[in-house]
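The values are calculated or read from the model by the stated rules, or taken from the named source; none is laboratory data. These numbers were taken from a predicted model, which means no experiment stands behind them. Positions of Cβ are backbone-derived with ideal geometry, glycine not excepted, and every protein chain shown enters the neighbour counts. When the accessible area is computed, the model is the full protein with side chains, heavy atoms only, and any ligands, DNA or RNA have been set aside. Shrake-Rupley method; radii C 1.70, N 1.55, O 1.52, S 1.80 Å.
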2 protein chains.
Amino acid sequence: MEAVMNLSRKEQVIRKAAELFREKGYAASSMRDLAQKLGIEAASLYSHIKSKEEILRSLCFDMAAEFRKSLEEVERQNVSASEKLRLGIIGHIGVMAKDLTASAVFMNEHRHLSGPYLRDFLLLRINYINRFKAIIEEGTKSGEFKENIDTKLSVMTLFSSLNWMPQWYNPDGKIDSINIGQQLSDMLVNGLKKQNAQ
Amino acid sequence: MEAVMNLSRKEQVIRKAAELFREKGYAASSMRDLAQKLGIEAASLYSHIKSKEEILRSLCFDMAAEFRKSLEEVERQNVSASEKLRLGIIGHIGVMAKDLTASAVFMNEHRHLSGPYLRDFLLLRINYINRFKAIIEEGTKSGEFKENIDTKLSVMTLFSSLNWMPQWYNPDGKIDSINIGQQLSDMLVNGLKKQNAQ
DNA sequence: GGTAATGGCTAACGGATGTTAGTGTAAAGC
DNA sequence: GCTTTACACTAACATCCGTTAGCCATTACC
């Protein structure tokens, strides 16, 4: 039963690390800081994790897997492009809302992954983005979306909006994550302006 | 004439530092790294700057001043809210495009400012955001924008989209910054969907 | 031509960093 | 009851960090 009980404490370490990395950034967070948050000595951390970077890796790649899973579900649905986009946005927001701390780390700190890990991460990311791009292109071809939009610009704007959510969203506030997803997708798809206005 | 000639070399240092901070992040960038980029020794940097943080400060606050100036010009114009928003967006993009490197640092590294400087910075930022928020509210009241939108969500989405531009925009590509500003404001104000569609 | 300023150097500081080695101890499993 | 496992400890390592002190060469100014 080693592995199972291991997870409990190891995940506790990773969770606290996520909080720390989010607050101060990966590079500015020391293992001694992390140990202090857990009430132990820095050296004791190494009973649970192999290195500082291993923590970052598990945070980044676990989140990446969640995003991928969410998008795959959406892609399976047989609906219009704009509806697919809407569901994709809501799904993405949902994944983030489940762990805002890890999401923030995923977004802001992944660049501190070393060499091959960074490469793998960026490949996953490009793939994810391209699948959203494909949905937008589908909508352009089907005539749902404007034909003169720049797809790259659109998809980047989309991700910018989504990915910064963890930085300002307060989960204890009056607006919940599903609501955010709805409004955000409406805003991006329909815009701020009234449809009947000029 | 000390100050004038000083600027030249000092600004050279700051510019290289901006590149470094952008690539590796402030905390992960060492003064020895920076010195190497300039072909000098780390200790020699201190003939030009007082500290590492002074560099970050000048980068952050100089950009903040540029943004403020741009917005003030827009606010002076006597036009509709949606036009004001459009001009504000284009102005913001324009300021970023003038120095993408400093913009990226401004956005991602400001949190490493210490104590009172961080506080001042955040106050400037909140003020800037609130002035955009006021434009959106103006548009909602005047009936140009939908009345059921969440202003905070809208303005945060707006800034997310704007602020991530330095991360993906390639100034050597075929799409120039004015074009980006135009398209971005169109996308946020009018949405992706055709106005006559469903 | 003397003087000041500019921009660089070497050497060194005190402290923080990630990590390893080796040890102890309380609980869990056979 | 013995052994393993989980989890903590202390001590220490080599290296990197930002920064200071003091010195030297070249250029600009009066």
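Here is how the numbers come out for the structure above:
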quantity	calculated
Efficiency of FRET from Cβ geometry, A:Val79 and B:Ser44, R₀ 51 Å, rounded to 0.05	0.25
Label spacing, shortest first and in nm, from A:Ser51 to its equivalents in the remaining copies (7 angstrom along Cα→Cβ)	3.2
Zone residues, the stretch A:91-113, relative to A:Glu54, backbone N less than 16 Å from point 7 Å out along Cα-to-Cβ	none
Chains A and B together, accessible area buried on both sides, 1.4 angstrom probe, square angstrom	4200 Å²
Surface accessible to a 1.4 Å probe, A:Asp176 within the full protein complex, Å²	80 Å²
Diffusion coefficient, µm² s⁻¹, Stokes-Einstein with Kirkwood Rh over alpha-carbon pairs of the stretch A:16-157 at 20 °C and 1.002 mPa s	127 µm²/s
Helical contribution to [θ] at 222 nm, DSSP H n ≥ 4, -39,500 (n - 2.57), averaged over chain A, rounded to 500	-23500 deg cm²/dmol
Whole-number accessible area per residue in Å² for the stretch B:53-190, which is evaluated in the context of all protein chains at 1.4 Å	43 Å²
D (Stokes-Einstein, µm²/s), Kirkwood Cα radius, the stretch A:22-85, 0.890 mPa s at 25 °C	168 µm²/s
DSSP H segments from chain A that extend 15 Å or more along their own axis, Cα-based, with Kyte-Doolittle mean of -1.0 or above	A:2-24, A:52-76, A:81-98, A:115-141, A:151-163, A:177-190
Whole-angstrom Cα spans of the protein assembly as shown along principal axes, big to small	74, 62, 39
Rounded FRET efficiency, nearest 0.05, which uses the C-beta distance separating B:Gln12 from B:Ile149 and R0 of 41 Å	0.35
Residues in the stretch A:7-29 reached by a label modelled at B:Ser114 [backbone nitrogen below 19 Å; 7 Å Cα→Cβ]	A:24-25, A:27-29
Position B:Gln36, label points 7 Å along Cα→Cβ, spacing to each other copy in nm (shortest first, one decimal)	2.9
Percent carbon-and-sulfur accessible area, chain B, ignoring ligands, DNA and RNA, probe 1.4 Å	50 percent
Magnitude of the charge dipole, the protein assembly as shown, Cβ model with Lys/Arg +1 and Asp/Glu -1, debye to 20	240 debye
Check: the stretch A:1-49 dipole with +1 on Lys, Arg Cβ and -1 on Asp, Glu Cβ, in debye	100 debye
Per-residue average of Cβ from other chains inside 10 Å of B:74-83	1
